[in-house]
Amino acid sequence: MRTAAVIGTGLIGTSAALALTARGITVYLRDADPDAARTAASLGAGTTDEPDAPVDLAVIAVPPALIAGVLADCQQQNLARSYTDVASVKSGPRADIAALGCDPVTFIGSHPMAGAERNGPLAARADLFEGPGTPTPETSTDTLNAALELVALCGGVPVVMDAGAHDRAVALVSHAPQLLSSLVAARLEHAEENAVRLAGPGIRDTTRIAGSNPKMWVEILSANAGVVADILEELAADLSGTVAGLRALEAADEGKRREGAVAVEDVLRRGKAGRARIPGKHGAPPTRYETVAVPIGDQPGELARLFADAGLAGINIEDVLIEHSTGQQAGLVQLLVAPRAAPVLTEALKERGWRVRTDR
């Protein structure tokens, strides 16, 4: 690939353009909002000039409802040899593409499983991506290879899926969680200030994606509404059972309390089992880590010093969490490491003056 076009310079489109230009690809930018395209260009994502010949691949980064129309226009203009999109749903756009009579041979749907709670070109990052591709039986080998090359250039891992299976999967792991995060965060809107001040890392993690753009998510959910509704119905049944279990825990009858405890424990157990299936680092099988927790002051250089001391001990930090103390200029840094590394890191940090506790 030597040339590409990106139509739509929001978070995903600009991130793709940044990744391509960083690898020497000439990228041509288009957007219905010229200011957005110019902003992306100013970040080094490409040029707003028009190409003088068909580019190797055009990336259509617009809302799902607009994909078919944009694809039809681009194919009519002979903008590219191959085309792909980045929409988070596939079945609806594919039906629209067929209805408009677009050429399916030069098109393959794709969906980078990446994003952020912020949007627009200024939120873009060149290292954002991994994602599935959804070819049709008509998709040419050249177009499939162009899409696979795009994924590789963006640093992603390609997964080939049927469109329907893709939409069911993203409803489960992306679309329904977005709504659940928003529903939990909505409880905070009118909560008492003293209650909100007690918010810790648990509620922050649960509600992080609730900061996403509501209008953008309405567009996404509209294109996958039925599948998401099916999942939410299943969740509603679980929620009703959990509510009944909690009510039973308040009952005077000991037998009902036991039944309530069983119901609540069951949903917690199932949740733990499901959480354990989420892939670990780099898509590897889930790995159990131990936590080395270190109280730390909230001042410049402290976190860097902690990481440097861990590095001197020869320990690889697999993940890190920071819990800030309410009303204090301090916090707790949780270093997640391989189980065999935890005692080594603990002793090394203690020798360097850190106060340390482990989860063992």
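Readers should treat all values here as calculations from the given coordinates under stated rules, not as data from a laboratory. As the structure is a prediction and not an experimental result, all values here were calculated from the model. Cβ: placed from backbone, ideal geometry, glycine included. Neighbour counts: every protein chain shown.
General remarks:
- Reciprocal of mean inverse Cα separation for segment 162-283 (Kirkwood radius, Å): 16.9
- In the chain, lysine pairs closer than 28 Å at Cα, eight or more apart or cross-chain: 5
- Dividing the convex hull volume of the alpha-carbon atoms in segment 241-308 by its residue count gives 183 Å³ per residue.
- Segment A304-E250, length gained on full extension (0.36 nm per residue, minus Cα span): 14.6 nm
- Inter-site label distance for L198 and A273 at 7 Å from Cα along Cβ, in nm: 3.2
- Relative contact order of segment 3-160, pairs being alpha-carbon contacts under 8 Å that are 6 or more residues apart, as %: 25
- At an R0 of 25 angstrom, the distance between the Cβ atoms of A236 and A95 translates into a FRET efficiency of 0.30.
- When you count the other C-beta atoms within 10 angstrom of each residue and take the mean per peptide, 51-63, 169-181, 230-242 line up highest first as 51-63, 169-181, 230-242.
- Placing R0 at 35 angstrom, the Cβ-Cβ distance between W217 and E318 gives a FRET efficiency of 0.65 after rounding to 0.05.
- Net length available on complete extension from A32 to T48 is 4.6 nm, with 0.36 nm assigned per residue and the Cα-Cα distance removed.
- Fully extending the segment from E259 to E347, taken as 0.36 nm per residue of separation minus the present Cα-Cα distance, adds 27.1 nm.
- Over 25 Å [Cα-Cα, the chain], rounded percent: 64
- Spin-label model distance (nm) - L172 vs A229, 7 Å beyond Cα toward Cβ: 2.1
- Note, ³J(HN,Hα) from phi for segment 156-163, Karplus 6.51, -1.76, 1.60, rounded to Hz, x at Gly and Pro: x, 10, x, 9, 8, 9, 5, 4
- Contact order relative to length of the chain, as percent, for alpha carbon pairs under 8 angstrom and 6 or more apart: 12
- For V160, distant residues with modelled amide H under 5 Å away: G133
- Calculated [222 nm] ellipticity per residue, helices only, for the chain: -13500 deg cm²/dmol; basis is -39500 (n - 2.57) per DSSP H run with n ≥ 4, divided by all residues, nearest 500.
- Net charge contributed by nearby residues that have their C-beta within less than 11 Å of I60 (K/R +1, D/E -1): -1
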